[in-house]
1. Those residues that are in a loop (DSSP other than H, G, I, E, B), of a type outside the set (G, A, S) and more than 14 Å from G69 (Cβ to Cβ), I need them from region 2-52; list them, please.
2. If I ask for residues that are touching a helix residue (DSSP H, G or I) at 6+ places or on another chain (Cβ under 6 Å), under 25 Å from E84 (Cβ atoms) and surrounded by 15 or more Cβ atoms within 10 Å (Cβ to Cβ), which ones from region 13-36 would you list?
3. Out of the residues in region 37-66 meeting the condition of being surrounded by 12 or more Cβ atoms within 10 Å (Cβ to Cβ) and polar (S, T, N, Q), tell me which one is farthest from Q25 (Cα to Cα).
4. Given I55, I66, which one is closer than 23 Å to V3 by Cα, of a type outside the set (S, T, N, Q) and at pLDDT below 95?
Amino acid sequence: MAVDFSIIGKRLKEARRKKDLTQEQLAEKMGVSIAYLSKVETGKIHINLERLSEICHILGVTEGEILNGVYNHSERYLHSEFYELLRHCSAKKQKLAYEILQVIVKDV
């Protein structure tokens, strides 16, 4: 399976924004140019594991979270994934999903 660096970049960008850092601030902490960081976030360049680890440490996330997109230690686990799925659904499908979730929650 090939690594999709655009997805990794997107996740890094999300993590940076959640940490309330600008590209300039993160680039400064890393000792790299803003252009480099921008290319990482857009997936235009391949980031090595050492640099990924450094960014993750600064952003307070794990490499697994960035590589797999799983933030299971958070109360908002899968929140953004559900949101992304629902925003592509019609109102009718959103209502159906809501009703299904209500049944699931009642069974727990």
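1. The first filter runs over region 2-52 and keeps only residues in a loop (DSSP other than H, G, I, E, B), leaving 2-4, 19-22, 31-33, 42-48.
The next check asks that each one be of a type outside the set (G, A, S); those that pass are 3-4, 19-22, 32, 42, 44-48.
If the condition is that a residue be in a loop (DSSP other than H, G, I, E, B), of a type outside the set (G, A, S) and more than 14 Å from G69 (Cβ to Cβ), then K19, D20, L21, T22, V32, T42, K44, I45, H46, I47, N48 are the ones that fit.
2. K13, A15, R16, Q23, L26
3. T62
4. Working: I55 fails: at pLDDT below 95.
Only one candidate passes the filter, namely I66.
The values are calculated or read from the model by the stated rules, or taken from the named source; none is laboratory data. The structure displayed is predicted, hence computed values, not measured ones. Virtual Cβ from ideal backbone geometry, glycine too; neighbours counted across all protein chains shown.
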